[in-house]
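To start, the structure under review is shown below, and the notes come after it.
The values are calculated or read from the model by the stated rules, or taken from the named source; none is laboratory data. Please read these numbers as outputs of a predicted model, since none were measured by experiment. Every residue, glycine among them, receives a Cβ derived from its backbone with ideal geometry; neighbour counts consider all protein chains shown.
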Amino acid sequence: MLRRSFLSLAAALPAITRAQSSRRPPNIVFILADDVGYGDVGCYGATRVKTPNIDRLAAQGIRFTDAHSTSSTCTPSRYSLMTGQYAWRKKGTGILPGDARLIIDPARATLPSVLKSAGYTTAAVGKWHLGLGTGNVDWNTEIHPGPREVGFDYSFIMPATGDRVPCVYVENGRVVGLDPKDPIEVNYQHKIGSEPTGKEHPELLKMRLSEGHADTIVNGISRIGFMSGGKAALWNDSTMGQTLTQKATGFIEKNRSNPFFVYLATHDIHVPRVPNGKFLGTTACGLRCDAIAQLDWTVGQVMATLKANRLEENTLLIFTSDNGPVVDDGYADGSVENLNGHAPASRFRGGKYSIYEGGTRLPFIASWPGRIRPGVSDALVSQVDMTASFASLASAKIPEGSAPDSQNVLPAILGDSKQGRELLVEHSGGIALRQGNWKYIPAQPQANGPRAKQPDRIQPATPELYDLSKDIGERQNVIAANTERADAMRAALEKIKG
Ligand code: NG6
Ligand code: CA
């Protein structure tokens with residue numbers, strides 16, 4: 001074992017020397033897809049949808065088999081990624097409405113601010129969903145605090161999600177294309193303005209609803225929340241993939257001569273799924289998979305841009321997702337009917353909204369040609385670790401007290417070590433603990449929404465223990481036969497909770 005790690009270290013040495021002798025630290029491009037599950041891409045087993053670009057990235061980099069988002073939904077997951085703090089430690093980090101205030105304290109060091117302190121130029125492109133302003137956002141003036149105040153030099157964002165108003169892009173704090181004579185108003189309590197809603201006018205909808213999403217209709221699709229005004233600024237759902245990709249690649253081109261960090265948070269494959277016409281019907285598993293095809297195109301564009309600008313060998317490119325998969329997430333878009341054997345969570349139990357592995361165990365690929373040697377890693381790593389790991393890569397300091405849960409797993413990410421975390425807290429409303437191949441799940445808070453009893457959303461009401469080395473699908477609760485281990489893991493979890 002020792003000998004092997006010595007050998008792999010020795011093999012990596014010339015590359016390390018090369019990286020260190022170049023004057024600048026490597027660029028970092030972090031592509032965070034939305035709701036993409038472990039089984040949704042080819043290199044993780046998908047066959048009904050082809051993902052040649054993501055597969056190529058995996059072939060030239062390291063494909064992780066036990067990498068996690070911190071949470072099974074977007075806002076807490078992204079909060080943890082950005083702050084290096086587990087979201088369950090902080091109140092108010094659940095799924096946010098589109099008019100929520102910024103939930104990251106600008107006084108804290110963040111992933112982008114730490115990189116900025118090391119000389120990086122930083123950009124956030126795509127889905128934000130971490131709130132903006134300090135309450136009662138005025139969408140018609142400069143909106144702050146937001147990405148800039150937490151460390152992003154440039155930002156081009158969707159404020160919340162594709163299915164939440166306001167349906168406009170915000171670039172560096174300003175709504176893009178806003179006509180001042182047609183001001184935007186947003187309300188999550190009651191209807192405003194004269195635009196029809198999905199509830200009143202289902203006949204106007206081009207996408208039927210299965211749950212919620214019955215408020216203001218924008219581009220023929222009703223959303224969560226009410227919005228009036230801003231007609232000229234509304235985004236076009238079917239060009240969103242292209243728009244976000246171009247903003248990210250444009251930033252890369254513009255900043256090619258200085259170290260940069262790009263956080264590209266795609267809207268794909270979140271609902272509403274409106275992939276561009278050129279991807280429609282290109283897969284064998286419906287609209288959800290067509291959105292995966294569009295996502296794969298985005299990854300290909302980023303790779304091509306790095307190559308064209310001769311940045312490949314000086315850029316760490318990571319591809320992952322914010323939480324596990326969901327097929328019907330409120331729009332009856334045919335994705336369930338057209339699955340055709342496609343298994344979004346692969347062999348794992350649960351998905352988005354679930355404490356089981358499907359909730360947070362996701363594709364995670366790290367590529368850096370010339371530095372990372374291709375392979376597969378079973379190291380346990382979490383997105384909460386990006387702050388400490390990227391700080392280490394950039395030789396940046398994390399101020400005392402910031403990023404408290406972030407561990408430096410850079411050696412695992414670069415393939416110099418097979419070792420990741422020893423312990424990981426998973427989160428989906430409640431929390432659970434991973435220790436090696438063991439997973440301890442305390443009794444979880446019970447939801448009572450219309451879907452809470454769906455098999456892929458059931459949360460355990462009493463404690464469970466799984467040995468993932470024998471039972472990757474978390475089917476055999478072995479707590480009764482392993483009470484000592486369960487007690488020890490419960491105690492370890494209590495200690496981490498503090
Ligand atoms: C849920 C929405 C779902 C999605 C999710 C957030 C309903 C019925 N469901 O409340 O459609 O928007 O929030 O997804 O409204 S996430 O990926 O941003 O966490
Ligand atoms: Ca998500």
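Would the range 482-491 turn up any residue that is under 28 Å from A343 (Cβ atoms), touching a residue at least 24 places away in the same chain (Cβ under 8 Å) and in contact with a Leu (Cβ under 9 Å, 6 or more places away or on another chain)?
No - not one qualifying residue is present in the range 482-491.
Just to be sure, is V274 out of contact with any helix residue (DSSP H, G or I) (no Cβ under 6 Å at 6 or more places or on another chain) and either in the same structural domain as D34 (by TED's automatic domain parsing) or modelled with pLDDT of 95 or more (or both)?
no
Filter the range 159-195 down to residues that are under 17 Å from L244 (Cα atoms) and not in a loop (DSSP other than H, G, I, E, B) and give me whichever is farthest from ligand 1 (Cβ to nearest atom).
Ranking the candidates gives R174 first.
Can you pull out the strands (runs of 3 or more DSSP E) entirely within the range 300-414 that have at least 2 residues that are within 16 Å of ligand 2 (Cβ to nearest atom)?
Of the strands (runs of 3 or more DSSP E) lying wholly inside the range 300-414, those with at least 2 residues that are within 16 Å of ligand 2 (Cβ to nearest atom) span 315-321.
Does any residue of the range 437-446 turn out to be in contact (Cβ under 8 Å) with a residue 40 or more places away in the chain and in a loop (DSSP other than H, G, I, E, B)?
Yes, because at least one residue in the range 437-446 is in contact (Cβ under 8 Å) with a residue 40 or more places away in the chain and in a loop (DSSP other than H, G, I, E, B).
Among the residues of the range 316-345, which ones are under 15 Å from the mean Cα position of the chain (by Cα) and either more than 16 Å from ligand 1 (Cβ to nearest atom) or not assigned by TED's automatic domain parsing to the domain that holds S392 (or both)?
L317, I318, F319, listed by residue number.
Looking for something surrounded by fewer than 24 Cβ atoms within 10 Å (Cβ to Cβ), closer than 21 Å to A291 by Cβ and of a type in the set (G, A, S) - is there at least one such residue anywhere in the range 382-402?
The answer is no; no qualifying residue exists.
Which is in contact (Cβ under 8 Å) with a residue 24 or more places away in the chain, assigned to a loop (DSSP other than H, G, I, E, B) and surrounded by 17 or more Cβ atoms within 10 Å (Cβ to Cβ), of V125, V137, V114?
Among V125, V137, V114, only V137 is in contact (Cβ under 8 Å) with a residue 24 or more places away in the chain, assigned to a loop (DSSP other than H, G, I, E, B) and surrounded by 17 or more Cβ atoms within 10 Å (Cβ to Cβ).
Residues checked against (1) touching a helix residue (DSSP H, G or I) at 6+ places or on another chain (Cβ under 7 Å); (2) closer than 25 Å to G281 by Cα:
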residue: E313; (1), (2): no, no
residue: G324; (1), (2): yes, yes
residue: D329; (1), (2): no, yes
residue: P363; (1), (2): yes, yes
residue: G375; (1), (2): no, no
residue: A396; (1), (2): yes, no
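Let me confirm something: among A100, A160, A109, A87, which residue is away from ligand 2 (no atom under 16 Å from the Cβ) and at pLDDT 95 or above?
Going through A100, A160, A109, A87 in turn, just one is away from ligand 2 (no atom under 16 Å from the Cβ) and at pLDDT 95 or above: A109.
Take the residues in the range 62-75 that are near ligand 2 (Cβ under 10 Å from one of its atoms) and outside any loop (DSSP other than H, G, I, E, B), then tell me which one is surrounded by the fewest Cβ atoms within 10 Å (Cβ to Cβ).
The extreme case among them is T75.
Being under 19 Å from V262 (Cβ atoms), in contact with a Cys (Cβ under 9 Å, 6 or more places away or on another chain) and at pLDDT 95 or above: is that true of I372 here?
So I372 does not fit the description; no.
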